[in-house]
Amino acid sequence: MADDQRTQDVGARITDEGIERMRARIGVEVPKEQPWNEYATVDAIRHFAWSYGDDNPLYSSPEYAANTRWKGVIAPPTFVHTTGVSVVKEIPPEVREKGKGALAGVNALFAGNVLECFQPVRADDRLIERRVLHSVDVKESRFSGGISVHNIDRQVYLNEQGQVTTVWFKRFIRTERQRASEKTGKRTVERAVYTQEQLREFDEAYASETRRGAEPRYWEDVKVGDAMQAMLKGPLTLSDVVAWMQGSGRAEILPSRLGWKNRQRHPKFYTLNDFGVPEAAMRCHWDDSWARKIGSPYAFDMGNMRTAWHCQLVSDWMGDDGWMWRLETQIRAFSYIGDTHWLGGTVTRKYVDGERRCVELQIWARNQRDEVTSPGKAIVILPSRLHGPATLPAAPPELEERRPNDG
């Protein structure tokens with residue numbers, strides 16, 4: 001029985017029927033189960049920032065934050081994925097039936113995102129999440145061979161005043177686990193082992209990093225071609241993954257009775273580990289054995305973690321008075337346990353958008369193998385010496401929703 005189950009764990013196939021069932025879900029609002037954080041408390045925000053190594057006191061110290069333009073603690077941009085209660089309680093049965101079992105058991109990899117921020121998330125906010133499947137496309141797969149399915153989810157977050165705080169488009173690539181596993185043997189990656197001298201260099205790099213913080217970075221002072229200060233992340237350890245999970249949370253890895261209950265709701269998300277015990281499929285982030293079965297030579301990081309790194313790079317550069325309007329990143333390669341990344345960027349454009357003084361940044365994350373694993377760009381709104389504080393952008397009219405409390 002266990003051997004049969006292990007075969008099924010990697011045997012799910014991408015079929016025409018599965019693709020059509022997935023497309024039947026496009027535009028259907030998906031209710032969210034209990035979020036990790038129903039309320040954006042000071043503690044929850046601090047724990048999230050610390051989970052990826054962000055020591056900005058704007059996210060953790062009420063005393064410090066009270067003296068900023070925000071007058072209190074605000075959350076890092078990607079904190080919203082730990083929050084969000086649903087207005088919609090269930091999918092209509094006839095709609096659920098059309099999409100039932102769509103590509104169940106097919107591996108899904110986070111491949112990139114577009115994040116747009118319109119309002120700060122403040123301590124004690126209770127956010128509403130409205131999530132739909134935005135699109136489904138079929139493409140050739142370089143990772144596993146054969147075809148892959150690219151789907152984009154759209155998540156809109158609103159505060160209790162009905163304001164859109166965040167719009168987040170996430171891209172996922174779905175591949176067949178068995179095909180990917182068959183290609184694993186052809187992929188060789190040298191795993192990093194560090195010398196004491198290298199570790200001392202890392203210590204010196206961390207010691208030299210600075211954060212703009214309370215000193216405003218004025219739009220007039222920025223020049224095209226300016227380089228952002230490099231930021232070190234790593235070497236990535238299993239402890240880093242645990243820290244990320246502590247702050248960001250995942251319902252799929254709850255223990256004991258809670259884990260059992262979740263397996264009853266989402267059985268396809270669990271596969272048998274090497275001990276014959278059901279465990280979350282996302283253990284590819286800490287379990288080398290399972291990672292190899294789905295096509296990766298080693299366990300690897302989470303795409304949301306690397307997105308949070310990019311946000312920290314931008315926020316450290318722009319200072320407390322700036323506003324990150326838009327972040328667009330790609331995840332082009334895995335970051336394996338043991339990898340080290342340096343993040344950096346340059347100013348590529350300065351422009352005026354209505355009342356907003358904007359700067360465009362080209363950003364990247366590069367590993368010790370000199371591979372750019374995650375390129376991207378960001379648009380930042382900066383304060384102006386002549387025109388005053390950074391003006392927050394308005395959410396597109398089509399995203400405005402009725403107040404969540406209106407029923």
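Annotations
- Candidate set from segment 235-250 (those that are modelled with pLDDT under 95 and outside any helix (DSSP H, G or I)); member that is surrounded by the most Cβ atoms within 10 Å (Cβ to Cβ): Gly249
- Conditions (1) modelled with pLDDT of 95 or more; (2) within 25 Å of the chain's Cα centre (by Cα); (3) surrounded by fewer than 19 Cβ atoms within 10 Å (Cβ to Cβ); number of the one not met by Thr391: (2)
- Taken over segment 216-234, the criterion of being over 20 Å from Asn304 (Cβ atoms), surrounded by 13 or more Cβ atoms within 10 Å (Cβ to Cβ) and not hydroxyl-bearing (Ser, Thr, Tyr) is satisfied by Pro216, Arg217, Trp219, Glu220, Val222, Asp226, Met228, Gln229, Ala230.
- Among residues of segment 91-119 that are touching a residue at least 40 places away in the same chain (Cβ under 8 Å), those with a beta-carbon under 7 Å from a residue that is in a loop (DSSP other than H, G, I, E, B) and of a type in the set (S, T, N, Q) at least six positions away or on a different chain give the pairs Gln119/Asn159; Gln119/Gln163.
- Segment 371-388: number of residues that are under 23 Å from the mean Cα position of the chain (by Cα) and not β-branched (Val, Ile, Thr): 6
- Some residue of segment 269-279 being at pLDDT below 95, surrounded by 15 or more Cβ atoms within 10 Å (Cβ to Cβ) and aliphatic (A, V, I, L, M): yes
- Search result, residues across segment 185-234 that are under 21 Å from Ser51 (Cβ atoms) and in a loop (DSSP other than H, G, I, E, B): Glu209, Arg211, Gly213, Gly234
- Residues of segment 355-386 that turn out to be in a loop (DSSP other than H, G, I, E, B) and in contact (Cβ under 8 Å) with a residue 60 or more places away in the chain, as a count: 6
- Residue within segment 335-354 that is outside the structural domain of Lys377 (by TED's automatic domain parsing), on the phi > 0 side of the Ramachandran plot and not in a helix (DSSP H, G or I) present: no
The values are calculated or read from the model by the stated rules, or taken from the named source; none is laboratory data. Only a predicted model underlies this, so the values are computations on that prediction, with no experimental measurement involved. Note that we place each Cβ from the backbone using ideal geometry, even for glycine, and neighbour counts take in every protein chain shown.
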